[in-house]
Amino acid sequence: MKNWQRFKSWNEAYNYYLDHLTPTCTRMDWGVGSWLYLDYIESESRLDLLRRLDKAHCGGTILTAVGRKELARLEKAAKKG
């Protein structure tokens, strides 16, 4: 199931985006909602989600500087165990 299939409307998806993905991702308008086309993984960790978002948009990233910092912090914590 893709993320976009989880929502009843674009507005519902946009509100989810505002509540859960900002400020880590580019504005949905600018990122063309790339996260909507990712597979939805219910038990996915924040680290794994950010890793996928980092590679989601045309081989580039839809993460903002804030998102890249969060990803780096989570990667560092994961290495420490």
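Things worth noting here:
- Filtered residue count, the stretch 53-62, keeping only those that are open to solvent by 50 Å² or more (accessible area, probe 1.4 Å) and either more than 18 Å from Tyr17 (Cβ to Cβ) or at pLDDT 90 or above (or both): 3
- When Ala72, Ala65 are checked against the criterion of being small (Gly, Ala, Ser), out of contact with any helix residue (DSSP H, G or I) (no Cβ under 6 Å at 6 or more places or on another chain) and at pLDDT 95 or above, a single residue qualifies: Ala72.
- Count - residues of the stretch 1-33 that are more than 20 Å from Lys69 (Cβ to Cβ), at pLDDT below 85 and either part of a helix (DSSP H, G or I) or open to solvent by 90 Å² or more (accessible area, probe 1.4 Å) (or both): 1
- Boolean, Leu36 is in contact with a Lys or Arg (Cβ under 8 Å, 6 or more places away or on another chain), on the phi < 0 side of the Ramachandran plot and at pLDDT below 90: yes
The values are calculated or read from the model by the stated rules, or taken from the named source; none is laboratory data. Being a predicted model, the structure only gives us computed values, none of them experimental. All Cβ positions, glycine included, derive from the backbone under ideal geometry; neighbour counts span all protein chains shown. What goes into the accessible areas is simple: the full protein's heavy atoms, side chains included, and nothing from ligands, DNA or RNA. Shrake-Rupley method; radii C 1.70, N 1.55, O 1.52, S 1.80 Å.
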